[in-house]
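Right, one structure below, let's go through it.
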Amino acid sequence: MDYEEAIAFLHTLGKFGVNLGLGRTLALLEAVGSPHLRLKAIHVAGTNGKGSVAAMTASVLRAAGFRVGLYTSPHLSSYTERIRVNGKPIPRARLAELITRLKPHFQEVAADRALGSPTEFEMGTVAAFLHFVEERADFAVIEVGLGGRFDATNVLTPLVSVITHVDMDHCEKLGGTIQQIAFEKAGIIKPGVPVVIGVQHPDALAVVKRVAAEKSAPTLVVGEDVWCERVARADDRQVFRAHAGGVDMGEFEIPLLGQHQVENAACVVGVVETLRSLGVNVGTEALRRGLKVTRWPGRLEVLQRCPLVVVDGAHNLDGVRRLAGAVAEIVGGRRVTAVVGISKDKPAAEMIHEIAGFASRIVATRASSSRLGGADPRAIAALAASEGCEALVNENALDAVDEGLAGVGDGGALVVCGSLYLVGEVRNHLLSVAGRLPKTQRIVIFSGAYGSGKTEVSLNFAKLKRREGARVIVVDLDIVNPYFRSRETAGEMVREGIEVVSSAPGFEAADLPALAPDILRAFHDESATVVFDVGGDPVGARALARYSVELDAAGYDMFFVVNANRPFTRDVKGAEAMLESIEDSSRLAFTGIVSNTHMGEDTTPRDVLIGLRLAKELAARRDLPLVFASATPAVLAKLGNDITGTRVLPLHLHMRPPWAEEPALLQEQEESSRRWE
């Protein structure tokens, strides 16, 4: 099977739904050599916060120098997100290979009437465990799918178990009281295995402690043995002080918002303390670094600042209450429009009541796919109207967020919530259309094939960020046979107030891998926006590989610049192959697509539109946002409304042959660029 066939096969297993029990998973695992017995795992259950705790724990272990597998569900955009090693999603071909290997064993188990057919989640779990073992992960951080006691992941005997906050959810499967649900979550506790217990309702805490005592499992309780106190917050981060075992550990920073994430971070501190007691070397600085660079998309995530756009996967009443508490801090006095979709099995009336507390306008919609299906948007709108909100209905999720954005303006806020499936469906779209420029990490990398125009894109992006008030450093890593290099425009960039860092002084014109020590400074100078211009094709991208650890630690966006008029990227198949080869060479992952189809000064509107179609198809295939298209102002003017709905970056051309350097022409082009901006 190829990737599409493997995903189609997994989706056919969705008809078996949630079928709690361990027998099918154990049978599959035994058929492939019982990889679960070879994993050093941290096993995380809970109603809310378990994914965040898993992501933070994996990040901390990576910062400590370990190779770490991370298994979470559901995914936002691509199934490959569920299975990661050192932050990188499982390659599509690798996932297809694993599902192909597992399919005969699936058929054997399904033929056993006593067991029945394995579910999609069970197959994915076995594939993840196989992948982690074969990739030689030092540790595997495993998030429970549903419940705990009979969840497919509960075949593990971990090093540490974690129970995050327990509340009412999935009552039809787990029970109708908080005590019953806590008992199901506590089912992951194993005899003698330490358990970290997050902030709990007293009834839930009593149940979890009782189960741990019955199994002689040592406990570390947030609020008793470890606690964290928030001391500061900003638009994109929080600072807290941690205490464990009566010791003040100092201040820590997380890029996740909301008081509940500080509580989740306390669980991670507890995990680290427990691992240390088991002889695992995770220092306080690794804890600090790992927490600081955690990435967990779709969870109270700010996608844009102007207008303010926030997405949150809060999908139950407890989650929405936590969202409501955090939104006031994030949006300030802005008028909020909420785009809301809720699953059929959730308490919609209570959830809408909480959302109406911060939103004056609600656009009701539903995700196109979810585990149990979405509630009728008309019913959601009726509930919103009964709460005094302006209520609108739009069945299509993408159209719903567009409608929400249209009514927000630069001074308002858009919040998407109610379902992680909804957030996953609209997130890339919002990353593609909300705001004049994409909201990015501090470090932005542009890479692509030879002649893609990535240097022009890099320089123009840097100049626009500078005009917005940012301090900007351009790092020229175009060191292996590039067409043009940003270092050749260093004088002009300096006049714009932009610093250019390239190969060692005196070697600016040499195609040598001689990189300046100042490049390392760019990783640590948190006051600067850093734009990397990387050499064309996989060979040029190798320069990035030597900095992959620093880039992972600092956080980055990497955009693939595609030009449909170049030999290796004339079609989606070729462009995807080039993208994958650059990822392999750089040991990094692309986070967006830039459409830059051109023929130099002979570029026509038709070139741009052909390239835009290819870029959109590539973005959809790779589950990435199309962050912008670029062209000269003259070409953009000819395109007019044909490019409406796509962000544009006007290009002032810097990489010009000497005979084209006529001052009058350059001045005219610069003025035209400024009008577009």
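Exactly one residue among A384, A397, A379, A364 is hydrophobic (A, V, I, L, M, F, W, C) and either surrounded by fewer than 24 Cβ atoms within 10 Å (Cβ to Cβ) or in the same structural domain as A490 (by TED's automatic domain parsing) (or both), and that residue is A379.
Once segment 153-198 is narrowed to residues that are under 22 Å from M351 (Cα atoms) and of a type in the set (D, E, K, R), the residue that is modelled with the highest pLDDT is D167. Out of segment 585-622, which residues are more than 20 Å from L653 (Cβ to Cβ), touching a helix residue (DSSP H, G or I) at 6+ places or on another chain (Cβ under 6 Å) and of a type in the set (V, I, T)? Residue satisfying the conditions is I593 alone.
Considering E354, E395, the condition of being in contact with a helix residue (DSSP H, G or I) (Cβ under 9 Å, 6 or more places away or on another chain) and closer than 18 Å to A324 by Cβ is satisfied by E354 alone.
Candidates are the residues of segment 579-608 that are over 20 Å from R622 (Cα atoms) and either under 28 Å from the mean Cα position of the chain (by Cα) or of a type in the set (D, E, K, R) (or both); the one that is surrounded by the fewest Cβ atoms within 10 Å (Cβ to Cβ) is D602. Within segment 94-141, the residues that satisfy the criterion of being in contact with a helix residue (DSSP H, G or I) (Cβ under 9 Å, 6 or more places away or on another chain), under 19 Å from G23 (Cα atoms) and not in a helix (DSSP H, G or I) are D112, A114, L115, G116, S117, P118, T119. Taken over segment 144-176, the criterion of being under 18 Å from P202 (Cβ atoms), touching a residue at least 24 places away in the same chain (Cβ under 8 Å) and in a loop (DSSP other than H, G, I, E, B) is satisfied by T164, H165, V166, D167, M168. With respect to the conditions (1) within 30 Å of V195 (Cβ to Cβ); (2) crowded, with 20+ Cβ neighbours inside 10 Å, G21 falls short on a single one, namely (2). Within segment 487-538, if we keep just the residues that are on the phi > 0 side of the Ramachandran plot and assigned to a loop (DSSP other than H, G, I, E, B), the residue that is modelled with the lowest pLDDT turns out to be G506. One residue is enough: does segment 399-418 have a residue meeting the conditions in a loop (DSSP other than H, G, I, E, B) and more than 24 Å from G333 (Cα to Cα)? Checked segment 399-418: no residue is in a loop (DSSP other than H, G, I, E, B) and more than 24 Å from G333 (Cα to Cα).
Of all residues in segment 245-266, exactly one satisfies the criterion of being free of Cβ contacts under 8 Å to residues at least 40 places away in the same chain and closer than 18 Å to Q200 by Cα, namely V262. Among all residues of segment 559-571, there is none that is surrounded by fewer than 24 Cβ atoms within 10 Å (Cβ to Cβ) and of a type in the set (G, A, S). What do you reckon, is I445 over 30 Å from V608 (Cβ atoms) and at pLDDT 95 or above? Considered against the rule, which asks whether it is over 30 Å from V608 (Cβ atoms) and at pLDDT 95 or above, I445 comes out as no. Candidates in segment 82-96 are the residues that are closer than 15 Å to F132 by Cβ and of a type outside the set (K, R); of these, the one that is farthest from the chain's Cα centre (by Cα) is L95.
Residue selection: I582 satisfies the criterion of being among the β-branched types (V, I, T), more than 23 Å from T294 (Cα to Cα), modelled with pLDDT of 80 or more and touching a helix residue (DSSP H, G or I) at 6+ places or on another chain (Cβ under 8 Å). Within segment 24-53, being under 16 Å from G147 (Cβ atoms) and either assigned to a helix (DSSP H, G or I) or in contact with a Pro (Cβ under 7 Å, 6 or more places away or on another chain) (or both) holds for R24, T25, H43, K50, G51. Restricting to segment 110-143, name every residue that is among the acidic types (D, E) and either free of Cβ contacts under 8 Å to residues at least 60 places away in the same chain or more than 26 Å from A182 (Cα to Cα) (or both). Those that are among the acidic types (D, E) and either free of Cβ contacts under 8 Å to residues at least 60 places away in the same chain or more than 26 Å from A182 (Cα to Cα) (or both): D112, E134, E135, D138. Looking across E576, E617, one residue alone is surrounded by fewer than 17 Cβ atoms within 10 Å (Cβ to Cβ), in contact (Cβ under 8 Å) with a residue 24 or more places away in the chain and not aromatic (F, W, Y). It is E617. With respect to being under 25 Å from T440 (Cβ atoms), crowded, with 24+ Cβ neighbours inside 10 Å, in the same structural domain as T365 (by TED's automatic domain parsing) and in contact (Cβ under 8 Å) with a residue 60 or more places away in the chain, L323 fits the description. Screening the candidates G418, G411, G404 for the property of being surrounded by fewer than 24 Cβ atoms within 10 Å (Cβ to Cβ) and either in contact (Cβ under 8 Å) with a residue 24 or more places away in the chain or more than 20 Å from the chain's Cα centre (by Cα) (or both) yields one hit, G411.
The values are calculated or read from the model by the stated rules, or taken from the named source; none is laboratory data. Since we're looking at a predicted model, the values are computed, not measured. As a convention, Cβ positions derive from the backbone with ideal geometry for all residues, glycine included, and neighbour counts pool all protein chains shown.
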